[in-house]
Amino acid sequence: MAESVSTTGRKRRKYLYSRDKAEEQRTAMAARMPTVCNPDGRFLTVRNTLLLMEQCGRLDLTMVAGFRQWIDAGRCVRKGEHSIGCIMVPMSVKDKGPSGEVRKDENGEDKSLLRFRFVAVFDVSQTDPLEAPVEEEAPDASVGPLTISYGSKVIHRTKGGAA
């Protein structure tokens, strides 16, 4: 640390950082950060990871996703659970002029703009696996069309009405 005297006579400290030290600090910070991904296997950006760490204060995050994304992955968010935070998700929107018509680029294609929206996300620890649908064997062809299904219980009735 070097000291210099300003024109007002007060001492001012100058911090001298070398590029090597800055690289070491970035590497150490990246090693401390958790690697957070979504159910598709894509990792969150550093900005979204830091955003989540700031919002929820947890370092044990492993997999996060939105409500619909968990449903598509075969898991369901438990009733009463609150999201751990919001992340910024990119989306593409068509560029519209003041009159409401879509603008075109030089090639005649629709212009699109990159925008970000905030999406509430849940950790995998806040979800339960969805129950797999029970696959039933096809009923005997001799039973006829009077087979009725009530949830997981299948009732086969014969033509005489006895079960």
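Listed values, structure above:
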read-out: Options ALA31, ALA65: the member that is aliphatic (A, V, I, L, M) and modelled with pLDDT of 80 or more; value: ALA65
read-out: Qualifying residues in region 51-87 (those that are surrounded by 15 or more Cβ atoms within 10 Å (Cβ to Cβ) and β-branched (Val, Ile, Thr)) - the one farthest from VAL121 (Cα to Cα); value: VAL77
read-out: Test: residue in region 79-99 that is assigned to a loop (DSSP other than H, G, I, E, B), touching a helix residue (DSSP H, G or I) at 6+ places or on another chain (Cβ under 7 Å) and modelled with pLDDT of 60 or more; value: yes
read-out: Filter result for LEU61 (in a loop (DSSP other than H, G, I, E, B) and either of a type outside the set (Val, Ile, Thr) or within 26 Å of GLU131 (Cα to Cα) (or both)); value: yes
read-out: Residue that is modelled with the lowest pLDDT [pool: residues in region 105-137 that are polar (S, T, N, Q) and in a strand (DSSP E or B)]; value: SER112
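The values are calculated or read from the model by the stated rules, or taken from the named source; none is laboratory data. Predicted model only: the values in this text are computed from it and were never measured. Note: ideal-geometry Cβ built from the backbone for every residue, glycine included; neighbour counts use all protein chains shown.
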